[in-house]
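*Asks:* There's a structure below that I have some questions on.
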């Protein structure tokens, strides 16, 4: 009998209470290549989904996540079918001046919109999540300002880097700790015609020498999670030019003080708040 080929992709699914979603998502990232989360408003819970190219160990995940996590499932998913389903289910999205669409879209881009070609894949950032939409709205509000150097920290698919490159036509450094995200971001830059402007690098936070060499930055974008944002507040402040702007997202509104506090302590001042479906985006200014 011929052995069946290994599945292209594995999906981990679990349910957590709202208060645990951020910590569990962070822990799940140690076992998956990418993680997304979805709110069930009726139940007051969140569903986390992680995808991995190698089969995750359910016992190891359960041990790492501890109590309070319900119904951990690990199942194979044929990657080509998964991508096709996402393409069919991913309608165009408008966020401010930006119009995000997949390669399956064959309609016309609305007049005056900045088109971003992004297919759902193995890197976070297709414009569907409220934190990404919040960042795009923030960029829309900043479009009349001039920026010379831009950093997208934790770039995922590179969607924010692409948006910045298209609006300001300036060099953008896209950095992510996940090599797959770096690969996808570079691919998306080429598909969107901004490859000469966008450079993608694998970096653990601000440690890559390219991050230091490219600064100080007039604009830093960071759509990650509350705890990493808090931990990197000092690095952000050191890499942000005087008069620069930082756009932070990836955390719930109730966790704003966790993120804002350490940035305030380093002199950054909040200029705008955007809230979408309970997710907060902060625009901070460096005096």
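The values are calculated or read from the model by the stated rules, or taken from the named source; none is laboratory data. Keep in mind the model is a prediction, meaning the values are calculated, not measured. Neighbour counts are summed over all protein chains in view; Cβ atoms, including those assigned to glycine, are modelled from backbone coordinates with ideal geometry.
*Asks:* Of the conditions (1) free of Cβ contacts under 8 Å to residues at least 40 places away in the same chain; (2) under 18 Å from the mean Cα position of the chain (by Cα), residue 269 clears all except one; give me its number.
*Replies:* (2)
*Asks:* Something else: Within region 209-230, which residues are more than 17 Å from the chain's Cα centre (by Cα) and not in a loop (DSSP other than H, G, I, E, B)? Before the answer, list the steps.
*Replies:* First, the residues of region 209-230 that are more than 17 Å from the chain's Cα centre (by Cα): 209-218.
Across region 209-230, the qualifying residues are 209, 210, 211, 212, 213, 214, 217, 218.
*Asks:* May I ask you to verify whether residue 71 is in the same structural domain as residue 29 (by TED's automatic domain parsing) and modelled with pLDDT under 85? If you could, list the steps in order and put the result at the bottom.
*Replies:* Details: in the same structural domain as residue 29 (by TED's automatic domain parsing): yes; modelled with pLDDT under 85: yes.
Criteria met by residue 71.
*Asks:* How many residues are farther than 12 Å from residue 175 by Cα and out of contact with any strand residue (DSSP E or B) (no Cβ under 9 Å at 6 or more places or on another chain) when one looks only at region 194-212? Reasoning before the result, please.
*Replies:* First, the residues of region 194-212 that are farther than 12 Å from residue 175 by Cα: 194-197.
The next check asks that each one be out of contact with any strand residue (DSSP E or B) (no Cβ under 9 Å at 6 or more places or on another chain); those that pass are 195-196.
Of the residues in that region, 2 qualify.
*Asks:* A further question follows. Against the condition assigned to a strand (DSSP E or B) and on the phi > 0 side of the Ramachandran plot, how does residue 205 come out, does it pass? Let's see the steps before the verdict.
*Replies:* Details: assigned to a strand (DSSP E or B): no; on the phi > 0 side of the Ramachandran plot: yes.
Here the answer is no, as residue 205 does not meet what is asked.
*Asks:* Of all residues being out of contact with any strand residue (DSSP E or B) (no Cβ under 6 Å at 6 or more places or on another chain) and in a helix (DSSP H, G or I) in region 240-262, which is surrounded by the most Cβ atoms within 10 Å (Cβ to Cβ)? Just the residue, please.
*Replies:* So the residue we want is 260.
*Asks:* Could you list all residues from region 223-239 that are under 17 Å from residue 208 (Cβ atoms) and in contact with a strand residue (DSSP E or B) (Cβ under 7 Å, 6 or more places away or on another chain)?
*Replies:* 224, 236, 239 - these are the residues of region 223-239 that are under 17 Å from residue 208 (Cβ atoms) and in contact with a strand residue (DSSP E or B) (Cβ under 7 Å, 6 or more places away or on another chain).
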